[in-house]
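First the structure, in the form of structure tokens, and then the observations on it.
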Amino acid sequence: MIRSRLVSICACLLLAACGDKPDDKPSDKPDETPSETPTPRGATVPWDEYEAEAGVASGGATLEQTTTGAWLEGTLSGEASGRKAVTLHGPGDAVEWTSRVTANSVLVRYSVPDEKEAHLDVYVNGAKVGTLTVNSDYAWLYTGPNNTETYNALPRQQVDELPQSPSTNDVNFGLKLPWAAAHHIYDEAHLLLATDGRATLQKGDVVKLVSPDASAQLPVTVDFLDLELVPAPLPAPADYVVVEGFTEAAVVKALEDAVKGKKPGIFLPPGDYVMAHADPAQPKVYVPAGLTVQGAGMWHTRVVPPPTKEVGYNHEFGFRLSGDHITFQDFAIFGSWRNRAARYNKDAAAIGNWPWDSYDGIGRAFDRYMHDHATFKRLWIERMIVGGWVEGGNNLLWEDCRFRNTMADGINLCNGTTNSRIVNCTARNTGDDAFAMWSAITWDKSPIGDTPWVHQPEGPDQGNVIERCTAGLIWRAAGFAVYGGHDNVIKDSVVYDTLRYPGITVDNEFAPQHEFSGHTTLQNITVERCGGRMWWDDDGAQGDEAARRKWGAVWLFAANPYSPAEPYSPIRFQGIRLKDVDIIDPVYAGVLVQTTQGQKIEDTEFDNVRIVLNQSGEAGFWANDSHKAPPAPLSGKIATTGSVTLKNSSLTGPRA
């Protein structure tokens, strides 16, 4: 329901979307000049993807799909790509596809029940070529904390969200929630069929998946299959120090030798490099200025934690930069992270203490200050908390990277990152924003009420570009997000299938942060099947899903009216530009606009924004009261204020 004071805003939006003449009809298709070729959207990737529902299912295999209501987390269809999947219920069930490409590797996104393990046999033209192990080790999280019985039954499982104001008086040390919201129920498994670059699978070959373990008690769900032709391992570049041994110590020694010998970098031959630390208090490898860390290819060189049977899960490791002109390329980082920021401490609970340990800022493959002119190319980062947490730096380049199955962000350009680019990268199944720019002002770790804010020298994010990227299957937060800063751009990209949040977020709620200034541009972007309900908010704090906030596929939130960092300056929300954006089948609304008390939206313009409601969606544009109250001395929730100018925009489709 739109409040009366918003009618004028919405009326303007409606008029702007309509033509002045009868033949000025809105179109579902992008405007194209005959002499021009439209700029492609999304990353160009080396794999070919096959949705399970587009394959040929046989035996007793069944289609998973939501036929009524919104797509929901914790359901096989709600968390699947395209919101559909295929489940195998027995060893006689199968799903198969005809290959469109030559390949020598397979990757499957799958789901099995919690605490279970099965296998998927891969057949090509009827001959078995390999087997994938599929288990729940890195899947199945539960929002909470909800009840101790869940965690006593599944002691390895850990919550991923703490209550905002936890109290030791709460029932079972957790929120008073009558529910246990499962989510993050899919994972991925991959198999390289030839290590020398040979194509073992040809165009026209039939690829079939069968699970010999599948049963009524152990169904195996297939979301999609990726086929990729992986090249042979890269050789060592001339004059590089070759790492001798597959240990963290060997990597560190090679870096030291490169500095002493004035070599350009180090080379990691094919293999798994186990990051067991000589000093657990120093879990990161620091790379000196001017060096390149070169792998043999992301399918061949992997940086990994020690076996979980030796050190458990959630092992901390990663890289940091010690100077300018550092390059990382052609290797993978696979972590062992199962949760982001909370764990159930049974020992504390046993003596009656608060059992939820909270921590953040770890599990990052790359983090801290990135200096200048750093390059990150062809990296595959998976099962970490964050792929790249960039705390400042200038003229950085991230290109052709894969961020998958992370507990939080894929990559976040934070704390004054400038003139940097993220190009042709992909992120899927991330637990926070896949691609973000956050103009944060960092503060001390002491209690905020007793500690003055720390003034960071970096300033706001500015001059950054995210282009030709694809984000999908985000189970927390957005595909693309901008939090303050000026003259930053996201363009030529795609986001699809967010679960509990918008596909695009433009927001200044995370104070202290720098305001929006100049122009923030989002252009030539596709937003498909995005939105959903908030995983928590004040209205749904007792587990009432129907009372939770409904997100738009695109969300503008003018939140904090001033910065709590001295000198308490106003934070303006202004200069936002959305151009050539296609919003297809939003879960609820195409666009949601919100402000808080003392704040308003200024100088914001939508040009050629097309919303299509075919399979889903309730409205094109919502403007309503915020889900959060502003900081003191202001309080309370109010209707949205300010203005948004719409030009050449449309709302179409049978549900419009």
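Apply the a/c threshold of 1.5 to the C-alpha gyration tensor of region 246-290 and tell me whether it is rounded, prolate or oblate. Note, shape of region 246-290 comes out oblate. Local charge for GLY42 was computed over the other residues whose Cβ lies under 10 Å away, with Lys and Arg +1 and Asp and Glu -1, and equals +1. Packing, as the average of other Cβ atoms within 10 Å across residues, places the peptides 496-502, 199-205 in the order 496-502, 199-205, highest first. Gain on full extension, evaluated as 0.36 nm per residue between ASN419 and HIS190 minus their Cα-Cα distance, stands at 78.9 nm.
Other residues lying with their Cβ under 12 Å from the Cβ of ASN419 contribute a combined charge of -2, Lys and Arg counting +1, Asp and Glu -1. Of the listed pairs LYS263/LYS284; LYS284/LYS491; LYS491/LYS637; LYS262/LYS284, which have alpha-carbon separations greater than 27 Å here? In this structure, LYS284/LYS491; LYS491/LYS637 lie more than 27 Å apart at Cα. Packing here is the average count of other Cβ atoms within 10 Å per residue, and on that basis the peptides 243-254, 287-298, highest first, run 287-298, 243-254.
In order along region 88-101, the Karplus-derived 3J(HN,Hα) couplings, from 6.51 cos²θ - 1.76 cosθ + 1.60 at θ = phi - 60°, round to 9, 9, x, x, x, 8, 7, 9, 9, 9, 9, 5, 9, 9 Hz, and Gly and Pro are given as x. Multiplying the residue separation of ALA546 and ARG577 by 0.36 nm and subtracting their alpha-carbon distance yields 7.9 nm.
For region 379-432, the convex hull spanned by the alpha carbon atoms encloses 61 Å³ per residue. Any idea how far the Cα center of region 587-656 sits from the one of region 512-533, in Å? Result: 12 Å between the Cα centres.
Rolling a 1.4 angstrom probe over region 215-298 with all protein chains present gives an accessible area of which 62% lies on carbon and sulfur atoms. Other residues within the sphere of radius under 11 Å centred on the Cβ of ALA199, judged by their own Cβ, net out at -1 (K and R +1, D and E -1).
Going by a ≥ b ≥ c, the root eigenvalues of the Cα gyration tensor, does region 200-340 fall in the rounded group (a/c under 1.5), the prolate group (a/b larger than b/c) or the oblate group?
It is oblate, given that a/c is not under 1.5 and a/b is not larger than b/c.
When each of the peptides 230-240, 401-411, 183-193 is scored by the mean number of other C-beta atoms lying within 10 Å of its residues, the order from highest to lowest reads 401-411, 183-193, 230-240. Remark: region 37-129 is approximated by an ellipsoid whose semi-axes, taken from the C-alpha gyration tensor as √(5λ), come to 23, 22, 13 Å, largest first. In the context of the full set of protein chains, residues of region 290-344 present 29 Å² of accessible surface per residue (probe radius 1.4 Å, heavy atoms only).
The values are calculated or read from the model by the stated rules, or taken from the named source; none is laboratory data. Computed from a prediction, not measured in an experiment: that's the story for all the values here. A quick note on method: Cβ atoms are made from the backbone with ideal geometry, for glycine too, and the neighbour counts reach across all protein chains shown. The area values use the complete protein model at the heavy-atom level, side chains included, leaving out ligands, DNA and RNA. Shrake-Rupley method; radii C 1.70, N 1.55, O 1.52, S 1.80 Å.
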